[in-house]
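Okay, structure first, notes after.
The values are calculated or read from the model by the stated rules, or taken from the named source; none is laboratory data. Since the model is a prediction, treat every value here as computed from it, not as a measurement. Here the Cβ positions follow ideal geometry from the backbone for every residue, glycine too, while neighbour counts run over all protein chains shown.
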Amino acid sequence: MLQRILHVLLAVAAAAGFLFSSVSTSDFTAHLDRQVHGIHCSFVPGADTPDVSGSSGCHVTLMSPYSSVMRDSVWGGIPVSLPSMAVFAYLFVCALALVALRKDDEPRATGYQVLAWALPFLTSCAFGYLSLHELGAACKLCIGIYSSSTIGFLLAITAFFTGRSAWALKLASQGEDDVEDLGVAETHLDERVVDARQGTQLERSEIDPDAGADQTLDESRGAELELDEQPRKKVRLATASEMDRRLRAGNAGANRRRRATMPTRVEPTGLGALALAFVLGVAFVTVPVIAYASGAPDFDSYVGACGTLAHPEDEGHVLVPLGSQTRAVTMLEVLDPLCPSCRGFERRFSAHPAAEQVSRRVLLFPLDSECNWMIDTALHPGACAISEAVLCAEEDADEVLAWAFDHQEEIRERETAEAGSARRMAEERFPSLRSCLGGAAVRAELNRSLRWAVANQLPVLTPQVYVNETRICDEDTDLGLDYVLTRLTARASEGRTSSAGGAR
């Protein structure tokens, strides 16, 4: 009974993991239309209202480079939550199959189940580390998957050890039955008294054991008198071999009758059956992955189809160089240092091989009404002061940007609470910039950056990305970045970017 309860709990844990994984997969595949969609982020899968702000930990995780694989060949890649669904579905079937086949206490079967649960458990450990230490985000759906994997793994271990004890008792009782089978009919000769002279047999069971020797003697004499009155027949005595053959036949019949009433003999799971179960598990994962990859939409027609820069020349030197500028392929990013989407793009881009293949420049476009006369409300308070810090830093601009990305929330909150806090934070972190920040020269330079955006008819939006003057569509700067960036850099290297696509 305990084993069945444990396996029912294993099935529940697998079902919970499947549910969390399926909601995450659904959120991922919703973006395959290249539009912005809300993302569920709740410990009760699907019960919450989808978040469209992009501020939840689930959004950070979903848009991270770790949420999918094969991004270069499939738009958005194949979500890791898809094979996660398949694994949990397989574990659900395994738990119920062991109960149905009465293998829920067999060591080989339950040991295999432990190994199967180790896969999602170890994967959860790895992704949990990446989520907390690399992304700094807590995804509730992910935590649900991690918890289901951990609970299932511990239950599988418990089922293995408790089942092994029950299996040992089964084997012990089976061994006793086998010994009894061998001695069911030990000696049938002792149960019969043979009168060799007359050839008659008297069953001991027909003789009253409580009667004395006189009764036995009278019965024997009575039998002799009856025989004397009949014609005597010559009787052949059975040989020892014949008696032995009869004995074996009697024992065999008794054993057959006993086995018919005994429970089915317990046998360990064969290695062939375990190999078949492993192949089935591989099929559970590979079939949906292959189906997803083969059915993914082909977005090649969108690569380079979102326009180009009208006036890419930088006569006013407003574009801030980051890193090496000697590579043949160039990339321009229009960003706001306090924009969460810009930070997300930066992290995705830095993990892509193209980061080492392009000469990167930045156009600062703060969405802060303090300096940006194209907007009425400060979407990112403090962005103007931090943009000035990036311009003042010159060769160390990438260091200031990295600091701003790491402290975006703190900078915005302090600037909202007290005007001027963002500039003071920059001065405290980079004392060498005090003389430059807030000066007329840097403000004029930032204003020229905004006018360069107007000259190129850029929308009031961040981030915007251009590879050799060809724009990456806004819909492709998150999940589709690897897919599009790989193709655009390849075209740029071949000198074909200028002819790729037209204005949208």
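Evaluation of ARG343 against the conditions (1) assigned to a helix (DSSP H, G or I); (2) in contact with a Ser or Thr (Cβ under 9 Å, 6 or more places away or on another chain); (3) crowded, with 18+ Cβ neighbours inside 10 Å shows that the sole unmet condition is (2).
The rows are residues; the columns are (1) under 39 Å from the mean Cα position of the chain (by Cα); (2) under 30 Å from VAL484 (Cα atoms); (3) surrounded by 15 or more Cβ atoms within 10 Å (Cβ to Cβ).
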{"site": "ALA389", "(1), (2), (3)": "no, no, yes"}
{"site": "VAL400", "(1), (2), (3)": "yes, yes, yes"}
{"site": "ASP406", "(1), (2), (3)": "yes, yes, no"}
{"site": "GLU413", "(1), (2), (3)": "yes, no, no"}
{"site": "SER432", "(1), (2), (3)": "no, no, no"}
{"site": "LEU450", "(1), (2), (3)": "no, yes, yes"}
{"site": "THR462", "(1), (2), (3)": "yes, yes, yes"}
{"site": "TYR466", "(1), (2), (3)": "yes, yes, yes"}
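In the range 349-370, the count of residues that are under 22 Å from TRP75 (Cα atoms), in contact with a Phe, Trp or Tyr (Cβ under 8 Å, 6 or more places away or on another chain) and free of Cβ contacts under 8 Å to residues at least 12 places away in the same chain is one or more.
Of everything listed in (1) among the small types (Gly, Ala, Ser); (2) crowded, with 18+ Cβ neighbours inside 10 Å; (3) in contact with a Phe, Trp or Tyr (Cβ under 9 Å, 6 or more places away or on another chain); (4) not assigned by TED's automatic domain parsing to the domain that holds TYR112, the single unmet condition for ALA277 is (4).
Answer with yes or no whether SER435 is in a loop (DSSP other than H, G, I, E, B), of a type in the set (S, T, N, Q) and in the same structural domain as CYS339 (by TED's automatic domain parsing). Taking the combined requirement at face value, the residue satisfies it.
Being modelled with pLDDT of 90 or more and of a type in the set (Asp, Glu) is a description that applies to GLU428. For the range 161-171, state whether one or more residues are under 30 Å from ALA109 (Cβ atoms), at pLDDT below 80, surrounded by 16 or more Cβ atoms within 10 Å (Cβ to Cβ) and more than 22 Å from the chain's Cα centre (by Cα). The answer is yes; a qualifying residue exists. Here LEU363 meets each of (1) part of a helix (DSSP H, G or I); (2) among the hydrophobic types (A, V, I, L, M, F, W, C); (3) over 16 Å from GLN408 (Cβ atoms) with one exception, condition (1). Could you list, in sequence order, all residues of the range 395-413 that are of a type outside the set (A, V, I, L, M, F, W, C) and either closer than 14 Å to CYS339 by Cα or touching a residue at least 60 places away in the same chain (Cβ under 8 Å) (or both)? Scanning the range 395-413 gives ASP398, ASP406, HIS407, GLN408, GLU409, GLU410, ARG412, GLU413.
The residues of the range 77-114 that are touching a Phe, Trp or Tyr at 6+ places or on another chain (Cβ under 9 Å) and among the aliphatic types (A, V, I, L, M), listed by number, are ILE78, VAL80, LEU82, MET85, ALA86, VAL87, ALA89, LEU91, VAL93, VAL114.
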